[in-house]
Amino acid sequence: MHIGIIGTGYVGLVTGACFAEFGVYVTCIDRDERKIKSLKRGIIPFYEPGLEELVKRNIEKERLLFSTKIKDAVSTSLAIFIAVGTPPRGDGSADLSYVEEVCKEIATHMDSYKVIVTKSTVPVGTGKKIKNWISKSLKKKVDFDVASNPEFLREGSAIEDFMRPDRVVIGAESPQAIAILKDLYRPLYLIETPFVITNVETAELIKYASNSFLATKISFINEIANLCDAVGADVHVVAKAMGLDKRIGPKFLHPGPGYGGSCFPKDTMALLQLARQHKVELNIVDATIRTNQKQRSLMVEKIKSRLAPLKDKVIGVLGLSFKPNTNDLREAPAVYIISRLMEEGAVVQAYDPVATDDAKRVLNNVKFKKNAYEVARNAHAIVLVTEWNEFRNLDLKRIKKAVKEPNFFDLRNVYDPERMQELGFNYYSVGRSIKSQ
Ligand code: UGA
């Protein structure tokens with residue numbers, strides 16, 4: 001089967017490369033000529049473990065093609081996936097102008113039956129709009145279906161998530177469209193991945209509801225962590241015991257500086273906006289968003305309560321990306337925390353294993369260092385913001401020797417409080433005011 005993927009951002013490229021690995025012939029389209037030129041040589045514009053090898057291998061096998069022209073994908077493909085950006089507008093709702101533009105262009109080249117599939121996270125009701133945009137722009141009278149196939153890929157483990165998903169969601173009305181999509185995903189069917197087949201609106205909502213629920217779990221445990229700090233309880237034990245209840249589950253109950261990235265902040269806002277348009281209250285999602293914003297600022301307060309006034313204090317920050325294994329800085333807690341600390345006059349020196357070059361474009365006046373030990377030199381405090389593996393086993397004695405004052409803010413609870421105290425650090429974490437048992 002031949003398919004087309006429009007948009008070679010994170011979702012589009014991972015999806016295209018993974019389908020090619022399944023043996024499908026994939027044409028990936030992006031209007032950015034430089035990007036396409038690099039992709040043809042197997043150069044990936046972002047960091048995602050395993051993706052470069054996958055892209056290179058499938059280019060060699062001639063199953064993965066790149067082009068800047070939508071026309072190149074439409075004529076040969078039976079299914080066309082839309083994976084372009086849906087950035088947030090000022091009011092938090094998703095901006096669909098790229099999706100609209102792409103649909104109109106696909107339509108002008110359609111000369112036989114196609115399934116048009118949305119992979120981008122789009123508001124409920126977009127499927128209907130797509131049908132409309134395409135119908136109006138068709139040059140020939142051809143039959144087509146619109147389907148929704150939301151992605152559940154996490155940055156940093158996207159290939160694994162694609163190859164071994166918890167479920168595949170297909171929203172479509174016609175049996176033909178469902179059969180084509182099921183056929184595409186046949187390798188996953190064979191490993192008994194659950195398939196949820198539903199209508200387009202339900203599929204669209206599943207994505208927002210899933211991301212918002214995960215974000216809610218994080219905000220919930222962050223509030224419980226703050227309470228743990230106040231009453232002398234240990235949030236890790238609370239989360240572990242909660243997670244042992246199968247109705248709750250152990251995942252996404254790790255406290256920290258709040259969720260970031262390109263998905264949770266955007267999708268929770270968009271869901272809230274959609275509910276408002278329909279005059280439905282989503283109080284829990286609303287509280288989740290507010291709690292998340294508060295959590296980032298509480299981290300700054302934590303640092304200030306020990307170090308204030310911050311003027312001329314040197315603060316060493318470990319980790320800049322919104323989570324490990326990605327160079328993505330969108331809505332990264334580190335960017336917010338660093339900006340607030342610098343506003344109050346602190347001198348920030350920082351290191352990230354992968355995101356430093358990207359951070360240079362976003363954060364002015366930060367002194368970027370080559371490793372954690374350089375970050376520690378003469379610092380009044382270390383703040384661990386992103387739990388990269390290389391920060392899990394630091395030579396703490398070396399860090400202690402390098403710093404000016406042994407204040408250690410571990411915003412991801414990587415280290416054992418008791419051991420840190422034994423080493424002579426003033427150690428602060430999130431929700432573990434008592435020693436771990
Ligand atoms: C998220 C979802 O997990 C994917 O299923 C979804 O497909 C994707 O959004 C999307 O909509 O495209 P992602 O944003 O890559 O994936 O990252 P996550 O691993 O979900 O982490 C999101 C944020 O939550 C990070 O800032 C992370 O540090 C934070 N987090 C996660 C916590 O603070 N605590 C936790 O227990 C888990």
With criteria (1) of a type in the set (Gly, Ala, Ser); (2) at negative phi; (3) not in a helix (DSSP H, G or I), Gly156 comes up short on (2)
Answer with yes or no whether Leu271 is open to solvent by 10 Å² or more (accessible area, probe 1.4 Å), in contact with a Pro (Cβ under 8 Å, 6 or more places away or on another chain) and away from the ligand (no atom under 11 Å from the Cβ). no
If we keep only residues of the stretch 92-110 that are assigned to a loop (DSSP other than H, G, I, E, B) and under 21 Å from the mean Cα position of the chain (by Cα), then the residue surrounded by the fewest Cβ atoms within 10 Å (Cβ to Cβ) is Asp95
Looking at the stretch 44-55, is at least one residue more than 21 Å from Gly156 (Cα to Cα), assigned to a loop (DSSP other than H, G, I, E, B), modelled with pLDDT of 95 or more and in the same structural domain as Lys119 (by TED's automatic domain parsing)?
-> no
How many residues of the stretch 404-434 are more than 16 Å from the ligand (Cβ to nearest atom), touching a residue at least 60 places away in the same chain (Cβ under 8 Å) and open to solvent by 20 Å² or more (accessible area, probe 1.4 Å)? The answer is 5
When the stretch 135-177 is checked residue by residue, the ones that are of a type in the set (Lys, Arg) and within 14 Å of the ligand (Cβ to nearest atom) are Arg154, Arg164, Arg167
Suppose the filter is free of Cβ contacts under 8 Å to residues at least 24 places away in the same chain, within 24 Å of Phe46 (Cβ to Cβ) and in a loop (DSSP other than H, G, I, E, B); does Asn364 pass it? yes
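Residue-by-condition table, conditions (1) buried (at least 18 other Cβ atoms within 10 Å of the Cβ); (2) in contact (Cβ under 8 Å) with a residue 40 or more places away in the chain; (3) among the aromatic types (Phe, Trp, Tyr); (4) assigned to a helix (DSSP H, G or I):
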position	(1), (2), (3), (4)
Lys128	no, yes, no, yes
Val169	yes, no, no, no
Ala179	no, no, no, yes
Ile197	no, no, no, no
Ser210	no, yes, no, yes
Phe213	no, no, yes, yes
His236	yes, yes, no, yes
Scanning the stretch 186-235 for residues that are closer than 30 Å to Val24 by Cα, among the polar types (S, T, N, Q) and more than 11 Å from the ligand (Cβ to nearest atom) gives Thr193, Thr198, Asn199, Thr202
Of the listed residues (Glu301, Glu344), the one being farther than 19 Å from Arg412 by Cβ and either among the aromatic types (Phe, Trp, Tyr) or in the same structural domain as Arg377 (by TED's automatic domain parsing) (or both) is Glu344
Picking from Pro250, Pro265, the residue that is within 10 Å of the ligand (Cβ to nearest atom) and either of a type in the set (Phe, Trp, Tyr) or more than 27 Å from Ile338 (Cα to Cα) (or both) would be Pro250
Within the stretch 315-362, residues being crowded, with 21+ Cβ neighbours inside 10 Å and away from the ligand (no atom under 15 Å from the Cβ) number 10
For the stretch 249-261, pairs from a residue that is more than 15 Å from Asp229 (Cβ to Cβ) to a residue that is open to solvent by less than 10 Å² (accessible area, probe 1.4 Å) and part of a loop (DSSP other than H, G, I, E, B), with Cβ under 6 Å and 6 or more apart or across chains, are Gly260/Ala332
When you scan the stretch 274-292, do you find a residue that is part of a loop (DSSP other than H, G, I, E, B), in the same structural domain as Glu344 (by TED's automatic domain parsing) and open to solvent by less than 10 Å² (accessible area, probe 1.4 Å), even just one?
no
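The values are calculated or read from the model by the stated rules, or taken from the named source; none is laboratory data. Please read all numbers here as calculations on a predicted model, not as lab measurements. Every residue, glycine as well, gets a Cβ built from its backbone with ideal geometry; the counts of neighbours run over all protein chains shown. Just the protein is used for accessible areas: all its heavy atoms, side chains included, with ligands, DNA and RNA removed. Shrake-Rupley method; radii C 1.70, N 1.55, O 1.52, S 1.80 Å.
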